[in-house]
1. Considering only segment 102-179, give the strands (runs of 3 or more DSSP E) lying wholly within it that have at least 3 residues that are within 27 Å of the chain's Cα centre (by Cα).
2. If you take the residues of segment 32-57 that are more than 8 Å from the ligand (Cβ to nearest atom) and open to solvent by less than 30 Å² (accessible area, probe 1.4 Å), which of them is nearest to GLU122 (Cα to Cα)?
3. All but one of (1) in a helix (DSSP H, G or I); (2) open to solvent by 10 Å² or more (accessible area, probe 1.4 Å) hold for ASP96, so report the exception by its number.
4. Quick one: which residue in GLU294, GLU300 is in a strand (DSSP E or B) and of a type in the set (D, E, K, R)?
5. When you check LEU99 against the structure, is it at pLDDT below 95, away from the ligand (no atom under 14 Å from the Cβ) and within 28 Å of ASN255 (Cα to Cα), yes or no?
6. Could you list, in sequence order, all residues of segment 107-133 that are touching a Lys or Arg at 6+ places or on another chain (Cβ under 9 Å) and either among the aromatic types (Phe, Trp, Tyr) or loosely packed, with under 14 Cβ neighbours inside 10 Å (or both)?
7. Name the residues in segment 1-22 that are touching a helix residue (DSSP H, G or I) at 6+ places or on another chain (Cβ under 9 Å) and surrounded by fewer than 24 Cβ atoms within 10 Å (Cβ to Cβ), would you?
8. Taking the residues in segment 219-253 that are assigned to a loop (DSSP other than H, G, I, E, B) and within 12 Å of the ligand (Cβ to nearest atom) as candidates, determine which candidate is farthest from SER309 (Cα to Cα).
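The values are calculated or read from the model by the stated rules, or taken from the named source; none is laboratory data. Predicted, not measured: the structure shown is a model, and the values here were computed from it. Every residue, glycine as well, gets a Cβ built from its backbone with ideal geometry; the counts of neighbours run over all protein chains shown. Areas reflect the complete protein model, heavy atoms only, side chains present, ligands, DNA and RNA absent. Shrake-Rupley method; radii C 1.70, N 1.55, O 1.52, S 1.80 Å.
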Amino acid sequence: MKIYDAVVAGGGLIGASIALELASAGLKVAVFDPQKPGREASWASAGMISASPESAAMASLLPTSLASVRLYPEFIQRTEELSGKSVGYRKDGALDIVLTQEEQGGIAEVLAQHRAAGLRAELLTNQQACELEPSLNPELRTAMHRPDEASLDNRIFTEATLEAARRKGVEIFSGNGAMALWSEGHTCKGLQLETGRVEARWTVIAAGCFSARIEGAVSYAPVVPAKGQMIALRCDAVRLRHDLWSGHMYLVPRNDGRIIAGSTVEYEGFDRGVTAAGMKKILTGAISLVPALEKARIEETWAGLRPDSPDHLPILGPTDREGLLIATGHFRSGILLAPITARLICEWVTTQKVSVDWAPFSPMRFQKMSQTRGA
Ligand SMILES: Cc1cc2nc3c(=O)[nH]c(=O)nc-3n(C[C@H](O)[C@H](O)[C@H](O)COP(=O)(O)OP(=O)(O)OC[C@H]3O[C@@H](n4cnc5c(N)ncnc54)[C@H](O)[C@@H]3O)c2cc1C
C-alpha cells in the first residue's frame with residue numbers, strides 16, 4: 001500500500017486547490033474521485049468571484065471572502081503558468097439592477113451594508129447605468145455599481161487547477177472514490193477506497209455535496225445538495241462587460257461571447273434535472289435585465305449541486321480525529337473561496353496555525369448543535 005503525506009477525497013475545485021497548495025509546500029499528495037474529477041458543482045458554477053454578502057447571516061464569511069479575493073490574482077497566475085491554460089479571468093465589476101419601485105426601497109440599506117463592510121459600491125442613475133452597460137433595460141430605476149467584482153471560466157479554471165496540481169506531482173485517481181474514513185481509535189489513518197485502503201498522515205474530505213455520503217464523515221460534514229439550474233446564451237446584439245444582478249438572478253459574460261444566466265436554489269436531493277419552471281424563471285429574469293436577450297440562442301442548459309451546510313457557511317478545519325480535515329459546504333461561494341480554503345488547509349498541515357480565523361467554520365460545530373438539541 002502506498003503511503004502519502006495527504007490524501008484528498010474529491011477532485012472538484014476545492015480538492016484540486018488544496019492538493020495544489022499542499023504539493024507546492026512539498027507534500028506527497030493524492031486525490032481520489034469516483035468519476036472524472038471536476039465535473040460537479042465546480043463545472044456547473046457561474047464562476048463569479050464576489051465577496052458581497054448575499055444576506056446579513058453571511059456577514060461572518062466576509063473576512064475569509066476578502067482574504068480569498070486578495071489571493072486570487074497570484075493563484076490564477078500560478079495556475080495558468082503551471083497548466084498553460086488561460087482561465088478567462090475578468091475584473092470588470094458588477095451592477096445590481098433595481099427594476100421595480102418595491103426593490104428601490106431596500107437599495108440604500110444594501111449600499112450602506114457594503115460600505116460598512118469596506119466593499120466599494122456606489123449608486124448610479126438610470127442614465128449612468130445605461131452608459132456603463134448599454135444593453136440594460138432602459139426602464140431600470142437605479143443600479144449599484146460594485147467595481148471590484150470579478151469572474152472566470154470555472155470549467156477551464158477547475159481543469160487548469162487539476163493540471164497544475166498534476167504538474168506539481170499530485171497523483172489524481174479517477175474512478176476510485178472514498179467509501180469511508182479509515183480510523184483507528186481517535187486517529188484517521190486514511191481512506192477506505194472503492195479499491196482498498198490508502199494511508200496518509202492527513203486526510204482531507206473535499207467531496208462537495210457528496211461528502212456526507214462518505215461513511216464516518218457525516219457528523220463533521222452534514223452537507224446536502226442545493227440544485228442550481230443554468231443557461232448559456234449567445235446573442236450577437238449583446239456584449240456585456242459587467243456581471244449583472246437582479247435579486248437572485250444573474251448574467252455573467254464570458255470572454256468567448258457566451259452569457260451565463262442563473263440560477264435557482266432547489267433542495268431536491270441529488271437530482272440534476274433541468275425543469276421548465278427553472279428555465280422560465282431564469283429566462284424571464286435575463287430578458288427583464290437585458291431585453292435584447294429575447295433573440296438570444298440557447299447554447300446549453302445544465303444543473304449542478306452546491307454543497308450546502310445547515311447554517312449555509314463553509315465547513316473548514318480539523319476535527320476530533322487526529323489527521324482528519326474537512327473542506328466542504330462552500331454552498332454558493334466555492335469558486336470565490338477556493339484559494340483561501342487551500343491556503344488555510346496548507347497552513348494548518350504545515351504549521352498548525354492559520355492566518356484567518358476559521359473557528360466559525362469548524363466541522364465540530366454540528367456535533368455541538370446536535371448535543372444541545374439532545375439536551
Ligand atoms: C449553478 C451554480 C452556480 C454557482 N455559482 C457560483 C459562483 O458564481 N461563485 C462561487 O463562488 N460559487 C458558485 N457556486 C458554488 C461553487 O460552484 C461550489 O461551492 C464549488 O464548486 C464546490 O466545489 P467542491 O470542489 O467542494 O465540489 P464539487 O465541484 O461538487 O466537487 C466534488 C468532487 O467530489 C467528488 N466525489 C463525489 N463523491 C466522492 C467520494 N465518495 N469520494 C471522493 N470524491 C467524491 C465528485 O465527483 C466531485 O469531483 C455555484 C454552484 C452552482 C451549482
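1. It comes to 142-146, 171-174.
2. SER52
3. Failing condition for ASP96: (1).
4. Exactly one residue qualifies, and that residue is GLU300.
5. Yes: the conditions hold for LEU99.
6. ARG120, GLU122, listed by residue number.
7. ASP5
8. Residue satisfying both the conditions and the ranking: HIS248.
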